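A.B. asks: Okay, handing you the structure first.
Nothing in this text is a laboratory measurement; each read-out follows from the coordinates by a stated rule. Only a predicted model underlies this, so the values are computations on that prediction, with no experimental measurement involved. So basically every Cβ, Gly included, is an ideal-geometry build from the backbone, and we count neighbours across all protein chains shown.
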Amino acid sequence: MLIAAAGTPAELAAMVDRRAAGLPLEHVLGWAEFRGLRIAVDAGVFRPRPRTELLVREAAALARRTAGPADRPRGVVVDLCCGSGAVGAALAAALHRVELHAVDVDPAAVRCARRNLAAVGAQVYEGDLYEPLPARLRGRVDVLVANAPYVPTDAIGLLPAEARVHEARVALDGGADGLDIVRRVSAAAPLWLAPGGSVLVETSDRQAAVTVEAFAHAGLVPRVARSEDMDATVVIGARPALRGGAGG
């Protein structure tokens, strides 16, 4: 891959030196492959992991169920903690009609996501979770995805150097038990989800039960999707659909 990317022998030598020094391959190349897409990944920005494809797969399936007829307005998808924008880009590629909004607190990630999502007309915001989203989205989001940081603070030092040295800590550190951000995502999700809409978060298998409790506490109907092949776990919370009145 380095040979294919290098334009000259000198450029190849420099790339090999950076890789040998421990820089992640994706940061050396400037891109990562994710669900068949080439995603630009700048230095320091969280690299999309293959296991996150489960999050995309589950979110795309839910978005298709809520898509409705062709004359319906585009489904609204929000990607919180978007990083490079890989999840949003993959969802846009999988869905025909989507109004995509993405958010990250890291300015470097936001710049990267804007490049990756420009072609699909997505709006990318810099800020803390829901804070920068336009108020008009409240109660209108069909699918909300969040690949939020979920590594416990004390476990950061156990991560491979490619992550703990070369990726922003804000993209990794999930607090004491790893679920601080996930709890905040789930607590506010019902305010933003449309009736029947869903929020999906990636987590670890051992954290799934506590995440399910957080979703249920927020009034969501939770379930868990797992893939042994991907070593991936996704917790999904649905906002109950509105029931018709007496005359409905």
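A.B. asks: How high is the relative contact order of the chain? Use alpha-carbon pairs under 8 Å, at least six apart in sequence, and give a whole percent.
C.D. replies: 17
A.B. asks: Oh, and also: Taking the number of other C-beta atoms within 10 Å as the exposure measure, put R136, R38, R57 in order starting with the fewest.
C.D. replies: Neighbour counts put them in this order, fewest first: R136, R38, R57.
A.B. asks: Going by how many other beta carbons lie within 10 Å of each one, how would you line up S186, S84, S227, S198, fewest first?
C.D. replies: S227, S198, S186, S84
A.B. asks: With axes computed from alpha carbons, what is the tilt in degrees of helix 180-192 against the longest principal axis of the chain, rounded to the nearest 10 within 0 to 90?
C.D. replies: Helix 180-192 sits roughly 40 degrees off the main axis of the chain.
A.B. asks: At 222 nm, what value in deg cm²/dmol follows for the chain if DSSP H runs of at least 4 each add -39500 (n - 2.57) and the sum is divided by all its residues, to the nearest 500?
C.D. replies: Here the helix-only value at 222 nm equals -9000 deg cm²/dmol.
A.B. asks: Can you pull out the trypsin sites (Lys or Arg not before Pro) in segment 153-248 whose DSSP state is coil and whose Cβ has at most 10 other Cβ atoms within 10 Å?
C.D. replies: Qualifying residues, ordered by number: R243.
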